[in-house]
1. Yes or no: the range 218-236 includes at least one residue that is of a type in the set (G, A, S), at pLDDT 85 or above, exposed (fewer than 14 other Cβ atoms within 10 Å of the Cβ) and not assigned by TED's automatic domain parsing to the domain that holds G312.
2. Counting just the residues of the range 275-297 that are more than 16 Å from the ligand (Cβ to nearest atom) and in contact (Cβ under 8 Å) with a residue 60 or more places away in the chain, which one comes out surrounded by the most Cβ atoms within 10 Å (Cβ to Cβ)?
3. Every residue in the range 377-411 that is within 16 Å of the ligand (Cβ to nearest atom), among the β-branched types (V, I, T) and surrounded by 14 or more Cβ atoms within 10 Å (Cβ to Cβ), please.
4. Between a residue in the range 387-406 that is more than 11 Å from L374 (Cβ to Cβ) and any residue that is among the charged types (D, E, K, R) and in a helix (DSSP H, G or I), which pairs come within a Cβ distance under 7 Å, given they are 6 or more apart or on different chains?
5. Just one of R197, R184 is surrounded by 12 or more Cβ atoms within 10 Å (Cβ to Cβ), touching a residue at least 12 places away in the same chain (Cβ under 8 Å) and either within 16 Å of the ligand (Cβ to nearest atom) or not assigned by TED's automatic domain parsing to the domain that holds D435 (or both); which is it?
6. Mind checking which residues of the range 135-174 are of a type in the set (G, A, S) and either crowded, with 17+ Cβ neighbours inside 10 Å or closer than 29 Å to A27 by Cβ (or both)?
7. Given the structure, is K324 basic (K, R), farther than 18 Å from S382 by Cβ and assigned by TED's automatic domain parsing to the domain that holds L366?
8. Mind checking which pairs have a first residue in the range 158-173 that is charged (D, E, K, R) and a second that is crowded, with 19+ Cβ neighbours inside 10 Å and in a helix (DSSP H, G or I), Cβ under 7 Å, 6 or more apart or different chains?
Amino acid sequence: MRMRFAGIDLGWERRESGLALLDWDGASLSLAALDVLSSPDEIAAWLDQRCGADAVVAIDAPTVIPNETGMRAADRLTHSLYGKYDAGAYPASRARRYWLRTTGFSQALEALGFKHGDAMPSRAAGRWQVEVYPNAAMVQLFALGRIVKYKRGTLASRIAALRRFRLLLLRELPRLTPALAPPRLPSVPAGGAALKRVEDQLDALLCAYVAAHWWYWGRALNDVLGDASQGYIVVPHRRAARVPLADLRQSYMLAGLPESDLHADPVAQFHAWLDQALAAQLPEPNAMTLATAGLDGHPHARIVLLKDAGPGGFVFFTNYESGKGRQLDENPRAALVFYWPQLERQVRIAGAVSRLPPEDSEAYFLTRPRGHQLGAWASPQSSVIESRETLERRLAGLEERFAQVPVPRPPFWGGYRLVPQTVEFWQGRPNRLHDRIRYRALPGGAWLIERLAP
Ligand SMILES: Cc1cc2nc3c(=O)[nH]c(=O)nc-3n(C[C@H](O)[C@H](O)[C@H](O)COP(=O)(O)O)c2cc1C
């Protein structure tokens, strides 16, 4: 799908406005135009001609609108959010005239079929308009501590700040999603009307980018402060600052694992920890990494869900013809890993794997929601498929086939049981002197408990 995204930094009456147009080809954005125009009619005609049928236009928002309280709810929110970044609004007295100009322009856009996009579904077709506050977008998208002030201050500081803003646009927009192909931007002039023109165009470019971000991500990665009746501003979520991986480290201090606390049986010990993970309301505490290797010896690892753990072993369900199914046919041994970071704990389990008896797989399959049951039939897990539509077509066919009857278990789907040979419990401790306790199965059913160096 082809889309266009336009940004406008509306100037004062009889002053110039900056315009930017981005083109989306289905994979990335490119800069299609930067321009400067004066009259609202010219601007509207420019947009009408270049935007085509599918476009989002972003207007640099007037941040203050006079009502009884002096501000719209959206503006108050923007102020409280961005005050700390020194990104305050224009003074209200200037904003009133500015607002009237913006709302007038917004009506002109509505007449051209650009609907208000505050409730726009993401990836929508059609013509839409939104309001954007570039200062807020700048601190959020580029993860800055404060705004780059290129509109106020001495000439020298404005020029330096505009250079910085230009470099940020050049460096950061190609790195974001959706990515902007590195644009050709005008250089920063030494002053005068030319300087103002570049300011307006770069502002417009950022507005156009926010339009694209809003269209692409919707509310998943943007907030809409306010609504079309009250006035609204689209604000991208703050991008998490990139932290060097080498700087990520955690000190573990929650608990220790003294031998005196251990159950004699590792499955009982596992249940004690799993119960604590459940009580701590960890997300998916039964998700575990399953590692397998076929005859070629290449290891493979993926997450599956633990569905039972008892004297008979650790049980999970899958497609017997999947990658892991074939590897386990060739080499019926596997390792499991649980990681519960909030509890600073890891559990590693290794042993022999066998298929569950069909009646046990049957019994579990019957407890699954009908949609999951049909999904098991529909997915030739780990095979290459043509498209998402292929899957959806298969599912629709199966819904028809099993419309009146309970869904039977597919013969190629069922459970595996891993009987542990070793189980290791790891508890994080300060200074990397973690506790590691390993249980090893001895002939006759007893367990040897050993402490390992961290
Ligand atoms: C949280 C989570 C839970 C999963 N649970 C299962 C599961 O229980 N069974 C399963 O077959 N795949 C599950 N998957 C998908 C697998 O990780 C994997 O993509 C799939 O089984 C195919 O792996 P394979 O090609 O190595 O066989 C899960 C994935 C995630 C992220």
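1. The initial filter retains those residues of the range 218-236 that are of a type in the set (G, A, S), namely 218, 220, 226, 228-229, 231.
Okay, now just the ones that are also at pLDDT 85 or above, so 218, 220.
Next, only the ones that are exposed (fewer than 14 other Cβ atoms within 10 Å of the Cβ) stay: 220.
Those left that are additionally not assigned by TED's automatic domain parsing to the domain that holds G312: 220.
Yes, there is a match, as at least one residue in the range 218-236 is of a type in the set (G, A, S), at pLDDT 85 or above, exposed (fewer than 14 other Cβ atoms within 10 Å of the Cβ) and not assigned by TED's automatic domain parsing to the domain that holds G312.
2. Looking at residues that are more than 16 Å from the ligand (Cβ to nearest atom) and in contact (Cβ under 8 Å) with a residue 60 or more places away in the chain, I get Q276.
3. Residues satisfying the conditions do not exist here.
4. Nothing qualifies.
5. Numbers: R184 fails: surrounded by 12 or more Cβ atoms within 10 Å (Cβ to Cβ).
Selected residue: R197, the only one of R197, R184 that is surrounded by 12 or more Cβ atoms within 10 Å (Cβ to Cβ), touching a residue at least 12 places away in the same chain (Cβ under 8 Å) and either within 16 Å of the ligand (Cβ to nearest atom) or not assigned by TED's automatic domain parsing to the domain that holds D435 (or both).
6. Step one: of the range 135-174, the residues of a type in the set (G, A, S) are 136-137, 143, 145, 153, 156-157, 160-161.
Result: A136, A137, A143, A161.
7. Working: basic (K, R): yes; farther than 18 Å from S382 by Cβ: no; assigned by TED's automatic domain parsing to the domain that holds L366: yes.
The answer is no for K324.
8. Qualifying pairs under 7 Å: R166/L202; E172/L141.
The values are calculated or read from the model by the stated rules, or taken from the named source; none is laboratory data. Computed from a prediction, not measured in an experiment: that's the story for all the values here. All Cβ positions, even for glycine, are placed from backbone atoms using ideal geometry, and neighbour counts span all protein chains on display.
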